[in-house]
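> This structure is in structure tokens; I'll ask about it shortly.
No value in this document is a laboratory result; all are computed from the given coordinates. Keep in mind the model is a prediction, meaning the values are calculated, not measured. Positions of Cβ are backbone-derived with ideal geometry, glycine not excepted, and every protein chain shown enters the neighbour counts.
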Amino acid sequence: MPEQKKSMSVRRFFTLLLAYLIFCVAGGVVVSGFLFPAVFGINAASRNLMPALKTDNIDFNVNDLPQQSRLYASDGHTVIATFYAQNRIVVPIKDVSDYMQKAVVAREDRRFFEHAGVDTQGVLRAFIQTYIKQGDTQGGSSLTQQYVKNVLMSQAEENNDPIAEYHAQEETIARKMREMLIAVQMEKKYSKAEILQGYLNIAQFGTNVYGVESAARRYFSKSAKDLDPGEAATIAAVTKNPARFDPTVNIKASQEQRDIVLDLMRQENYITQRQYDENKAKPLDQMLHVQSVDAGCQAAGDAAFFCDYVTKQILNSKEFGKSQEERNKLLKEGGLDIYTTMDVNANAAAMKAARDTIPVDDRSGFEVTIASIRPGTGEVLGFGINRIYDATQDSGGGTRTAINYAVDQVDGGGWGFPVGSTWKPINLVSWMKAGKSINQPLRTSTSYPQTSFACKMADGTPYGFGTGSWHVENSGGGTTSPETPLQGLVRSHNTTQASMAQQIGLCTIADTAKEMGYHNSPKDQMDIHSVNTFQPPMVIGAVQASPLTMANVYATIAAKGVACSPIAMTKVIDKNGKSVKVPKANCHQAIDPGIAETAAYALNQGVVQPGGEASTTQLDGGRKTFAKTGTHEDKYMLTGGFVPQVAAFVTVGNAEGQVSFTNRTINGRSMHTWYGMYIATPAWKDFMNTYLAAANIQPDNSYGNPDPRFTGGVQQPQPSQQSQQRSSGRQRQSYHHSQGGQEGNQRTSQDQSQTVDSPED
């Protein structure tokens, strides 16, 4: 189509001329009768502007602009990730260099400090060029008018009003008139410094870069207050055409525009001739120090899984808004400073340990997942997963995933993992809570009537488990009888766990587990009393839990019985400097300190010390170590443990479904039968040793003293050397270990005998 020439009726000419003369005569001052209706009677379009000239609903507060939120590590200065709808960091005018202020004025409105909102010379020049000479369209907008336009556009976007957004930027006389009138009123209300501050914070200075502070960080990796003349001129030049003059997009065009701004600054005597010459002589590509503007957890590197956990905590917490939509908006526009619990050293050590154990691209496909927590605080220290975080992936599998296998499903995790014998310390704590000694001999069996586990819920409601029998054996088959609870933990015998549950009731064990911080991972079955969990095999770890939940259970033992809810944030400050409430750890004394120390004693003296089934967990430097291994069939291998300052839990297996380890090659090593001692325990030990050294956490070997109330006279635990009483006439599958310890777990139906035991890990 041929280009449409600009045409203008006499009527329209006089309308524009009248508008111009009004502003010239008024000198930018709004006098009584300024908006007299007769003035707008000349032009229908202008008459339609009358209702829109009210400025009461226009928010010119720069702090109300959408601003980026930042996620910090626990050190308070390491930025994990940023989130934004508009990449903006609002700063006061005092934190913008004088060169930056003058560069923008020189480029956009050199008479800014002289006019009262509308540059009459600029308007007249634009009028003549556009409508008299029929040349290219000229804006003639003052910097104040540009600020008004940006605010109107931002408010329209904020209100999700596409019609208002369109009218805020349409090339019409009506829009220009509206901007002029509002600009004049603004100049009466705000100082030049306030207007300039607003413009510097709202204007776009590149592709997805808003405000001078974000621009300074983006292009030069410094604050706006530190910009020199050349850097300021570069940024000021971008706003004329953010897509074209962005130095990361077109460096040649950007340098040309920079030089134009430098020349304008020299003409206005904002810089000296020498400064002009020196800065113009610098090649722009040698000045740039570009930072990434990638947003969200996708750009968080090895901290991405922790980042994802924090965002899920925000989206799921009522403290951040009534709905997920409100919370998401606050995260991306609220200018939040979010201080997390992530310890940089802990997260790095966990990620390294996971990937060293099984590389990301290992053909076995097994996931290694590590969760760590600080006992007595609920503070989550970090996660390790041998996967690459990828927010574009909505499912697991492969080397990339957005699923954080270390946490509950509701927090962005999966279904959890069967925890195997790592559950057994919970049984021991429950036993002591019932007032019993860990050295009390128990009669054990390979068959237990379901009715013998009947119990009463916390509210007194009776609960039964059917009329069949639960058949359970130790990993080598059969049982050991009699055996004490302490020996049952040390040898990781299943039959003893069943005998304990028979005596104290399954309800007691479930209640204790809940008090210690346990819950299931699937979001529709989180209550431990869910029908799929609350069954006798629960006592040998036939549950689905996240590594973080299990790490938190062990942290309760480590903290002398103080249980806390895991937390990812310590404080959040909004863009106005006010604190936003964050989820609390709700730390409380869940179990008797004497019970906690006795359980710790059992884990150290019986399980970790030489001869114990988890002796390979012993940490470096003679540090007193508390740990328990576990196996679910030949599908999952686990290790949980702690020192007083750190608790951690490791799972190894296929997170998407059960896959056997038998005859697998893992990380270049081929074996017929894999045990946790070859894979889960080394990962746990690697993480703990690395982090404790990096964080300079000194040994505390004073913990783990048995309480006489629960020992009945301490007996040194014995490794499993006793003869086994074998059950007869029953099919079983067992996985033997050369060192003779036993590690067990089982999934059962009510009447069929299933031994799903595994050897020592």
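> Hull surface divided by four, with the convex hull built on the Cα atoms of the range 61-112: how many nm²?
5.2 nm²
> Moving on. Suppose each label sits 7 Å from its Cα in the direction of the beta carbon; what would the Ala391-Arg244 distance come out to in nanometres?
3.2 nm
> Another one. From the phi angles alone, apply the Karplus equation (6.51, -1.76, 1.60; θ = phi - 60°) to the range 537-548 and give each ³J(HN,Hα) in whole Hz, x where the residue is Gly or Pro.
x, 3, 6, 10, x, 7, 9, 10, 10, 7, x, 5
> Right, something else. Does the range 465-511 come out rounded, prolate or oblate by the C-alpha gyration tensor, with a ≥ b ≥ c the root eigenvalues, rounded set by a/c under 1.5 and, if not, prolate when a/b is larger than b/c and oblate if not?
Oblate is the answer for the range 465-511, as a/c is 1.5 or above yet b/c matches or exceeds a/b.
> Calculate, for Gln267 and Gln298, the FRET efficiency according to 1/(1 + (r/R0)^6) with r their C-beta to C-beta distance and R0 45 Å; round to the nearest 0.05.
The value I calculate is 0.50.
> I've got another one for you. What do you get for Rg/Rh over the range 303-352 if you use C-alpha atoms and the Kirkwood form of Rh?
Result: Rg/Rh = 1.06.
> Too long at a 32 Å Cα-Cα cut-off: which of Lys149/Lys332; Lys433/Lys523; Lys322/Lys352; Lys240/Lys282; Lys312/Lys514?
Lys322/Lys352
> Going by how many other beta carbons lie within 10 Å of each one, how would you line up Glu231, Glu194, fewest first?
Arranged by neighbour count, lowest to highest, Glu231, Glu194 become Glu194, Glu231.
> So how do 594-603, 105-114, 625-634 stack up, highest first, on mean other-Cβ count within 10 Å?
Put in order of decreasing packing, that is 625-634, 594-603, 105-114.
> In terms of modelled amide H atoms, which long-range or inter-chain residues lie less than 5 Å from the amide H of Met569?
Result for Met569 returns Thr341.
> Starting from the Kirkwood Rh over alpha-carbon pairs, what translational D in µm² s⁻¹ does the range 638-705 have by Stokes-Einstein at 37 °C and 0.692 mPa s?
235 µm²/s
> For a quick size check, give me the Cα extents of the range 344-416 along its three principal axes, largest first, whole Å.
Each principal axis gives a Cα extent; for the range 344-416 these are 38, 28, 19 Å.
> Tell me the volume per residue, in Å³, of the convex hull enclosing the alpha carbons of the range 269-337.
151 Å³
> Further, regarding this structure: May I ask you to derive the relative contact order of the range 187-292, considering only C-alpha pairs under 8 Å and at least 6 residues apart, and to give it as an integer percent?
25 percent
> What do you get for Rg/Rh over the range 225-346 if you use C-alpha atoms and the Kirkwood form of Rh?
Checking Rg against Rh, the ratio lands at 1.17.
> Let me ask you something else. If neighbour count is taken as other Cβ atoms inside 10 Å, put Glu613, Glu187 in order from fewest to most.
Listing Glu613, Glu187 from fewest to most nearby Cβ atoms yields Glu187, Glu613.
> List the equivalent ellipsoid semi-axes of the range 551-609 in whole Å, largest first, each obtained as the square root of 5λ for an eigenvalue λ of the Cα gyration tensor.
Equivalent ellipsoid semi-axes, largest first: 35, 11, 6 Å.
> Highest mean first, how do 551-561, 677-687 rank when packing is the count of other Cβ atoms within 10 Å averaged over residues?
551-561, 677-687
> May I ask for log10 I(q)/I(0) of the range 529-662 at q = 0.14, 0.17 Å⁻¹, from a Debye sum over the Cα atoms as equal point scatterers with solvent left out?
With one equal scatterer per Cα and no solvent, log10 I(q)/I(0) is -0.79, -1.05.
> Now for a separate question. Working out 0.36 nm times the residue gap between Ala693 and Glu325, then minus their Cα-Cα distance, what length gain in nm do you get to one decimal?
Between Ala693 and Glu325, full extension yields an extra 128.2 nm.
> Here is a follow-up. Which parts of the range 349-366 would a label at Thr665 reach, counting a residue when its backbone N lies under 14 Å from a point 7 Å out along Cα-to-Cβ?
Within reach of a label on Thr665: 362-365.
> While we're looking at this one, here's another question. In Å, what is the Rg of the alpha-carbon atoms in the range 433-515, and how long is Dmax?
For the range 433-515, the Cα-based Rg and Dmax read 13.0, 40 Å.
> Based on the alpha carbon coordinates of the range 363-487, what radius of gyration and maximum Cα-Cα distance (Dmax) apply, in Å?
That works out to 20.3, 56 Å for Rg and Dmax.
> Which one, Val429, Gly460, Val419, is farthest towards the positive end of the dipole of the range 379-516 when Lys and Arg carry +1 and Asp and Glu -1 on their Cβ?
Going by the charge dipole, the pick is Val429.
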